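The values are calculated or read from the model by the stated rules, or taken from the named source; none is laboratory data. Not measured: the values here are computed from a predicted model. Here the Cβ is made from the backbone with ideal geometry for all residues, glycine too, and neighbour counts use every protein chain on show.
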Amino acid sequence: MMQGVSSLRAALRQFSASWSWSEILSRLTDKEVGELIADWLPWARPDQAPDQLWTRRWQHWLILGGRGAGKTRAGAEWVKAKVEGRDWTGAPARRIALIGASLDETRAVMVEGVSGLLAIHDDDMRPGYEPSKRLITWANGAVAQIFSGEDPDSLRGPQFDTVWCDELAKWRYPQATWDML
């Protein structure tokens, strides 16, 4: 985790009632301000990233909400944090499955969407994306593959240490797909 952001989180918890944002920002270096802007957790709503995520390593996390609730952003930020090996996520992710209702929806929402994996990375940290191979590759060697709930057998063979599932209720074969994980 970025040290400046970690220090800022502690300060915000302690002084948020007595300091204004301008006072807080005036005490940060330019580097710390940049890290703060790039880190999602300080800006996330409590229901998107509850405090328990910072101290407890969850094996399963279900986000249930309507349109605009931040489900995609929370999922993309979680995958990004897993790839970066942030301390609150557990072991760093190296092989990731991205599963949506269809290949088109997985690509359009989870990867290319306004809150998808490509959008939440700064230009210099953005992973490589090969749409024809349904593959996303980060500089540290982590890879994500795109799958759909329409083809459970496509999950046969590959091994994953992390899975982000989106819109389970829309999967054509939910039980068969889930069983492949």
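Some observations on this one:
- Filter result (under 11 Å from the mean Cα position of the chain (by Cα) and not in a helix (DSSP H, G or I)) within the stretch 71-85: none
- Top-ranked residue of the stretch 152-181 - restricted to ones that are surrounded by 16 or more Cβ atoms within 10 Å (Cβ to Cβ) and among the charged types (D, E, K, R), ranked as nearest to R73 (Cα to Cα): D166
- Only a single item in (1) touching a Ser or Thr at 6+ places or on another chain (Cβ under 8 Å); (2) of a type in the set (G, A, S); (3) under 23 Å from T177 (Cβ atoms) is not met by S132, and it is number (1).
- Checking each residue in the stretch 150-166 for being closer than 23 Å to I63 by Cβ, in contact with a helix residue (DSSP H, G or I) (Cβ under 7 Å, 6 or more places away or on another chain) and part of a loop (DSSP other than H, G, I, E, B) picks out only D166.
- None of E32, E23 is assigned to a helix (DSSP H, G or I), surrounded by fewer than 14 Cβ atoms within 10 Å (Cβ to Cβ), modelled with pLDDT of 70 or more and charged (D, E, K, R) except E23.
- Scanning the stretch 81-118 for residues that are β-branched (V, I, T) and either farther than 15 Å from K71 by Cβ or buried (at least 20 other Cβ atoms within 10 Å of the Cβ) (or both) gives V83, T89, I96, I99, T106, V109, V111.
- Residue tally, condition surrounded by 15 or more Cβ atoms within 10 Å (Cβ to Cβ) and either assigned to a loop (DSSP other than H, G, I, E, B) or among the hydrophobic types (A, V, I, L, M, F, W, C) (or both), over the stretch 119-129: 4
- Residue match in the stretch 58-71 (condition: within 28 Å of E35 (Cα to Cα) and either touching a strand residue (DSSP E or B) at 6+ places or on another chain (Cβ under 8 Å) or crowded, with 18+ Cβ neighbours inside 10 Å (or both)): yes
- Members of the stretch 94-118 that are among the charged types (D, E, K, R) and part of a loop (DSSP other than H, G, I, E, B): R94, E112
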